[in-house]
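Below: one structure, written as structure tokens.
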């Protein structure tokens with residue numbers, strides 16, 4: 001008959017698919033903190049967990065909970081934990097030995113339970129749980145998932161063609177028609193029209209509210225972006241175009257570097273003042289040689305209007321489908337050197353200069369804190385969940401923050417989920 005505490009533990013264990021135990025050294029802080037009375041008590045607890053697993057027919061798996069690869073790397077963790085000042089009692093000394101143990105090392109750690117039980121925990125049950133997992137599983141998505149907007153392809157193409165005919169006439173010049181055809185095949189064929197459409201909406205709303213929007217980066221090499229109102233940069237070769245009769249005249253042999261360099265000229269057909277346009281930028285600058293690179297449309301909004309633009313994306317897609325891109329701050333090299341010096345001071349150790357440099361290098365680049373991208377907003381498709389891509393959190397654990405952020409740094413998922421860069425700039429004098 002089970003004791004009361006064991007019965008309660010068994011009842012809770014029913015929730016789990018498998019149970020987990022770790023090597024005795026991993027629990028050293030429980031002994032130090034007197035949460036467990038001694039090694040014999042600790043072994044008794046682990047033994048009862050194994051017995052509960054047998055009683056419930058649930059595999060019990062031995063895991064190493066590794067924090068670093070080799071045992072000699074423990075010094076780096078000691079230095080990093082020391083920098084935290086021991087605020088977390090589980091991070092105080094003595095720190096457990098949690099290097100990545102080999103199978104033989106794990107079998108040795110559980111030898112006290114008998115060879116058969118040790119092999120069951122370390123080898124057999126580990127394979128049982130591993131076989132439950134689909135071999136094709138990936139930790140993050142392996143392709144781009146964009147929001148679905150009904151009719152977006154047709155509407156985007158219509159917007160582009162309407163402006164093209166307004167600027168260049170009903171019968172488009174060959175150079176214009178070929179460029180539009182090339183871009184639309186790439187944009188629509190790769191499912192990127194929705195990205196352009198969202199940028200269109202943001203620019204249109206800002207302009208309606210009285211705030212100009214500037215485009216930044218290579219989006220200016222897309223004629224479709226120009227004709228759909230996203231950017232004012234025209235990537236066609238330098239040319240004249242008539243706002244009245246749609247006459248156009250292109251310079252394709254390098255006569256001028258930019259349409260702005262063209263001399264003033266009257267339209268030879270109607271006499272109107274011609275518009276000077278075009279900067280001769282290839283489309284490949286934006287979407288790559290094959291036209292399949294995920295568009296990164298950077299838009300600069302007034303600093304006063306940037307929060308409004310951010311919130312507008314929430315309104316368009318819903319609070320559960322718009323998140324700020326998370327960032328991860330790491331330990332800088334000078335900071336790591338300071339950690340090493342503090343460790344020497346606090347432990348009474350003295351290292352040679354070369355050893356200090358080696359230890360500082362080992363602590364450099366370790367993840368230190370989380371933050372929030374100043375402009376990046378991720379948009380989750382309506383038929384999916386943010387957890388399909390990343391865990392979420394508040395930046396720096398500030399639960400009063402207006403936006404939730406992804407826990408993963410955006411660079412690890414940038415090919416899988418749409419990010420809009422809604423940047424701000426100071427336009428006040």
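Structure above, values below:
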| quantity | calculated |
| --- | --- |
| Some residue of the stretch 132-154 being in contact with a helix residue (DSSP H, G or I) (Cβ under 7 Å, 6 or more places away or on another chain), surrounded by 15 or more Cβ atoms within 10 Å (Cβ to Cβ), in a loop (DSSP other than H, G, I, E, B) and without any contact (Cβ under 8 Å) to a residue 24 or more places away in the chain | no |
| Some residue of the stretch 341-364 being surrounded by 15 or more Cβ atoms within 10 Å (Cβ to Cβ) and within 19 Å of residue 217 (Cα to Cα) | no |
| Hits in the stretch 6-49 (condition: under 16 Å from residue 128 (Cβ atoms) and touching a helix residue (DSSP H, G or I) at 6+ places or on another chain (Cβ under 7 Å)) | 18, 19, 21 |
| Criterion (outside any helix (DSSP H, G or I) and modelled with pLDDT under 95) met by exactly one of 35, 90, 30 | 35 |
| Filter result (surrounded by fewer than 21 Cβ atoms within 10 Å (Cβ to Cβ) and assigned to a helix (DSSP H, G or I)) within the stretch 177-193 | 177, 178, 180, 181, 182, 184, 185, 188, 189 |
| Among the candidates 60, 160, residue that is in contact with a helix residue (DSSP H, G or I) (Cβ under 7 Å, 6 or more places away or on another chain), under 30 Å from residue 414 (Cα atoms) and either surrounded by fewer than 12 Cβ atoms within 10 Å (Cβ to Cβ) or modelled with pLDDT of 95 or more (or both) | 160 |
| Verdict on residue 120 being touching a strand residue (DSSP E or B) at 6+ places or on another chain (Cβ under 9 Å) and either farther than 30 Å from residue 242 by Cβ or not in a strand (DSSP E or B) (or both) | yes |
| Residue list for the stretch 296-312, restricted to those being closer than 19 Å to residue 416 by Cα and surrounded by fewer than 20 Cβ atoms within 10 Å (Cβ to Cβ) | 296, 298 |
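The values are calculated or read from the model by the stated rules, or taken from the named source; none is laboratory data. Not measured: the values here are computed from a predicted model. Cβ sites come from the backbone with ideal geometry, for glycine too, and all protein chains shown count toward neighbours.
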